[in-house]
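The values are calculated or read from the model by the stated rules, or taken from the named source; none is laboratory data. Since this is a predicted model, take the numbers as computed values, not measurements. Cβ placement follows ideal geometry from the backbone for every residue including glycine, while neighbour counts extend to all protein chains displayed. Keep in mind that these areas ignore ligands, DNA and RNA; they rest on the heavy atoms of the full protein, side chains included. Shrake-Rupley method; radii C 1.70, N 1.55, O 1.52, S 1.80 Å.
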Amino acid sequence: MSLPRTFSNEEIRNYYDHTQTHYRQFWKLNESMGLHYGIWNERTRSLAEAIKNTNSELANLGEIKPSDRVLDAGCGVGGSAIFLAKNYGCRVTGITLSERQVKTATNYAQQNGVAQLVDFQCMDYTHTDFPDQSFDIVWAIESMQTASDKGAFLKETARLLKPGGKLLVADVFKAKSWQIEQTPVMQTMLHGWAMSDVLSIAELDEMLENHGFARSQNRDVTAEIAPSIRRILWASLAGMVGTKVYNLFHRATWFSRIHYKTGIAQFRAWRRGLWSYNLLVAEKLN
């Protein structure tokens, strides 16, 4: 039995900075502008479309309107913020721990003609500089579960949302009753993504209630992201040999050395039914 890790903000920032090249190569980053799983349906023809489908499905579930002021909490390279601005006409602020991601996202926004609607800042989503009740929507695609202290994220989200505002989440959740310290495959999967642990839906519901939220929507799309899960596996297997050779001659970072293992572990854990992928909407009660 090995112990789970807790990641500092600096380690999380380093993960995204040091693996952005990997995502650019195997996750069509310049086209999709997203680091997250893609949702596939019978009309989906490419990975970039699938990644944008995730944005669309979550936005529709949350009934986003042009008048909404949106905080993209953990915005990555800006794809969701740009998608919302282009397709819904709303004003979006994206925040991330990584200055590199801020620069990449800002460039993407300019290239996509929405620089007047989106802005990106380097900030911790558990402790922001925004005034109370600044936003109608807090958007979190594969970012909420990265927080070591999920309660701190929900507390700050409650402060930032207007009464009746919504938290929209797309993320990995615990699908069976397992403990991270006793589940090596989940440790490999999560720790390789700079995540210490994940909540179950029931655990999240309890935390939401404690912070003044009520969940109104929960859509399990695990089956619909299956092609994305397999693509990550294939990319990891393809990159495994190259990574091992590179590591023989270079002083690679910890995340760069083990990133391919994460892709293999996420597939194995999925086959065992240990995690699900859910789209959620929670409303601030007052």
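Quick notes on this one:
- For the chain: lysine pairs under 13 Å (alpha-carbon distance), excluding those fewer than 8 apart on one chain: 8
- Positive-end residue, the chain charge dipole about Cα centroid, Cβ charges, pick of 87, 40, 194: 40
- Near residue 35, the amide H atoms lying under 5 Å from its own belong to 77; only residues 5 or more places off or on other chains count, and H is placed 1.01 Å from N.
- Computed extension length for residue 226-residue 110: 38.5 nm, one decimal, from 0.36 nm per residue of separation with the Cα-Cα distance subtracted.
- Net charge over other residues, Cβ less than 14 angstrom from the Cβ of residue 273 (K, R count +1; D, E count -1): +4
- Amide hydrogen proximity for residue 171: with H placed 1.01 Å from N in the peptide plane, the residues at 5 or more positions away or on another chain lying under 5 Å are 142, 278.
- Seen against the Cα atoms of the chain and their longest principal axis, helix 99-111 is set at about 60 degrees.
- Per-residue HN-Hα couplings for segment 139-147 [Karplus 6.51, -1.76, 1.60; θ = phi - 60°; Hz; x = Gly/Pro]: 10, 9, 9, 6, 10, 4, 6, 5, 5
- Couplings 3J(HN,Hα) of segment 194-205, computed from phi: 6, 10, 7, 5, 10, 8, 7, 4, 5, 5, 5, 4 Hz, in residue order, whole Hz [Karplus 6.51 cos²θ - 1.76 cosθ + 1.60, θ = phi - 60°; x for Gly and Pro].
- The listed peptides 30-39, 172-181, ordered by packing as a protection proxy, come out as 30-39, 172-181 (highest mean of other Cβ atoms within 10 Å first).
- Among the trypsin sites (Lys or Arg not before Pro) in segment 22-57, those located in a DSSP loop and surrounded by at most 10 other Cβ atoms within 10 Å of their own Cβ are 43, 45.
- Helical content alone sets the calculated 222 nm signal of the chain at -14500 deg cm²/dmol, taking -39,500 (n - 2.57) per DSSP H segment of four or more residues and averaging over every residue.
- Amide proton proximity set for residue 121, modelled H, under 5 Å, gap of 5+: 94, 95, 96
- The slack between residue 60 and residue 8, meaning 0.36 nm per residue of separation minus the straight C-alpha distance, is 15.4 nm.
- When the convex hull of its Cα atoms is projected in every direction, mean area for the chain (nm²): 14.2 nm²
- Put a plus charge on the Cβ of each Lys and Arg, a minus charge on the Cβ of each Asp and Glu, and nothing anywhere else: the dipole of the chain about its Cα centre is then about 1000 debye.
- The chain - percent of accessible surface contributed by carbon and sulfur, probe 1.4 Å: 49 percent
- For segment 118-192, the fraction of alpha-carbon pairs in successive 5 Å shells from zero, as %: 3, 13, 21, 23, 15, 10, 8, 6, 1
- Accessible area of segment 1-144 divided out per residue, in Å², using a probe of 1.4 angstrom: 44 Å²
- Nearest 10 degrees, 0 to 90: helix 79-88 Cα axis against the chain principal axis: 40 degrees
- Angle between the chain longest axis and helix 150-160 axis [Cα atoms, degrees, rounded to 10]: 30 degrees
- Here the Karplus curve 6.51 cos²θ - 1.76 cosθ + 1.60, taken at θ = phi - 60°, turns the phi angles of segment 19-32 into couplings of 10, 4, 4, 4, 5, 5, 7, 10, 10, 6, 4, 5, 8, 8 Hz, with x standing for Gly and Pro.
- Computed lengthening from residue 121 to residue 272, 0.36 nm per intervening residue step minus Cα-Cα distance: 50.5 nm
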